[in-house]
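*Asks:* There's a structure below that I have some questions on.
A short reminder: the numbers here are calculations on the coordinates, not readings from a lab. Remember, predicted model here, so these are calculated numbers, not experimental data. In this analysis, Cβ positions are derived from the backbone assuming ideal geometry, glycine residues included, and neighbour counts consider all displayed protein chains.
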Amino acid sequence: MKLVSYNIQYGFGVDGRYDLERAAHVVADADVIALQEVERHWRRTSYDDQPEILSRLLPDHHFVYGPAFDMDASFRENGRIISRRRQFGTMILSRLPIAWSRLHLLPMRRTVTPLNTQNPALECLIRTPCGPIRFFSLHLAHIGADERLEQIDYLLGRHRRVPFEGGPWSGVDDEPSRDWTHGEAEPESPLDAIWMGDFNMEPGSAEYHRIVGDNPYHRGAAYLDGFVDAAAASGRRPDGLHTHVKVIDGATRKRQLDHCFVSSRLASRVRTVHADNAVIASDHHPLWIEIDLETPDGGQTPER
């Protein structure tokens, strides 16, 4: 399967042109798409409903949108209130149905300067041929490592509680007349997960090692409830990619800020990882991952 993570910068390319169709074309070939910086009803993007537009541009995909930033944008028309929200968040699109989803609002630190905004992690359960997997599209804080470390700790804590918390509902419906479950079985909530997104961190950073660990004695060691850098699993050097180019203190820096991390049991399924550095539809470059999620698991998926 092909996965892609792409911060679309709300449709603005490095050429300064707003073109959401161009961004959609970049990711159309993927089976699972994780997008960041997707918005609704902002003046700068002509008050477009970008999730709705993207869903029309990618008609072969199911989608879920998770707004972290949410402000009133209502107006009065013909004597009545038109309720509208100004939103900014993250999105997952999938050729396979998205069984359930939930939005995590990540820990946030109030700033004096510069501007800081609420960060999201959108979690979606997709039933792949190799078993159910929880896919994330997330966007970590851009200001400082200390805030990102708090956010990573929060996500790791939630991840490790998954076998005990379950999905959106659990147990036996003791009031079937109320039709809570629609006759369906309890939804899966497996430990297997794939994190994709704009992490605003580089390989080798404290945040990076908080996710993948640091095991110099037993190289390549991986805990069952841990994560592996998909790029490293594919055989690439941790610093062998870049997804963002910026002039910092007068020097041009090529940085890998966008990543894919797979839970440890999925690491052997990763085939290739690359960034498409020719794309100009955003200030970030899309990160592509090829991973075998077609081969059945053989019954080895941990119980939910």
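*Asks:* Consider a paramagnetic label point 7 Å from the Cα of GLU294 along Cα→Cβ; state which residues of the range 253-270 have an amide N under 19 Å from it.
*Replies:* The answer is 266-270.
*Asks:* Turning to a different aspect of this structure: For HIS142 and ALA278, what does the FRET efficiency come to when R0 = 22 Å and r is the distance between their Cβ atoms, rounded to the nearest 0.05?
*Replies:* After rounding, the FRET efficiency stands at 0.35.
*Asks:* For the chain, what D do you get in µm² per second when you plug the Kirkwood radius from alpha-carbon pairs into Stokes-Einstein at 37 °C and 0.692 mPa s?
*Replies:* 162
*Asks:* Evaluate E = 1/(1 + (r/R0)^6) for ASP179 and ARG271, where r is the Cβ-Cβ distance and R0 equals 41 Å; express this FRET efficiency to the nearest 0.05.
*Replies:* 0.45
*Asks:* In a Debye calculation with equal point scatterers on the alpha-carbon sites of the range 182-271 and no solvent, what is log10 I(q)/I(0) at q = 0.11, 0.15, 0.17 Å⁻¹?
*Replies:* Once normalised to I(0) and log-transformed, intensities are -0.39, -0.63, -0.76.
*Asks:* Residue-wise, which Karplus ³J(HN,Hα) couplings in Hz belong to the range 112-117, taking 6.51 cos²θ - 1.76 cosθ + 1.60, θ = phi - 60°, and x for glycine or proline?
*Replies:* With the stated coefficients, the range 112-117 comes to 8, 7, x, 5, 10, 10 Hz.
*Asks:* Continuing with the same structure: So if the hydrodynamic radius of the range 1-83 is defined as the Kirkwood radius over C-alpha pairs, what does Stokes-Einstein give as its diffusion coefficient at 37 °C and 0.692 mPa s, in µm² per second?
*Replies:* In µm²/s, the coefficient rounds to 233.
*Asks:* Of the candidates VAL14, VAL262, VAL38, which one comes out as most mobile in a Gaussian network treatment of the chain with C-alpha springs shorter than 10 Å?
*Replies:* Taking springs between Cα atoms under 10 Å, the residue moving most is VAL14.
*Asks:* Is the range 44-182 rounded, prolate or oblate when judged by the Cα gyration tensor, a ≥ b ≥ c being the square roots of its eigenvalues, rounded requiring a/c under 1.5 and prolate requiring a/b larger than b/c?
*Replies:* Taking the square roots of the gyration eigenvalues as a ≥ b ≥ c, the range 44-182 is oblate.
*Asks:* Give me, ordered by chain and number, the residues 5 or more places off ASP49 or on other chains with an amide H under 5 Å from its own placed amide H.
*Replies:* HIS41
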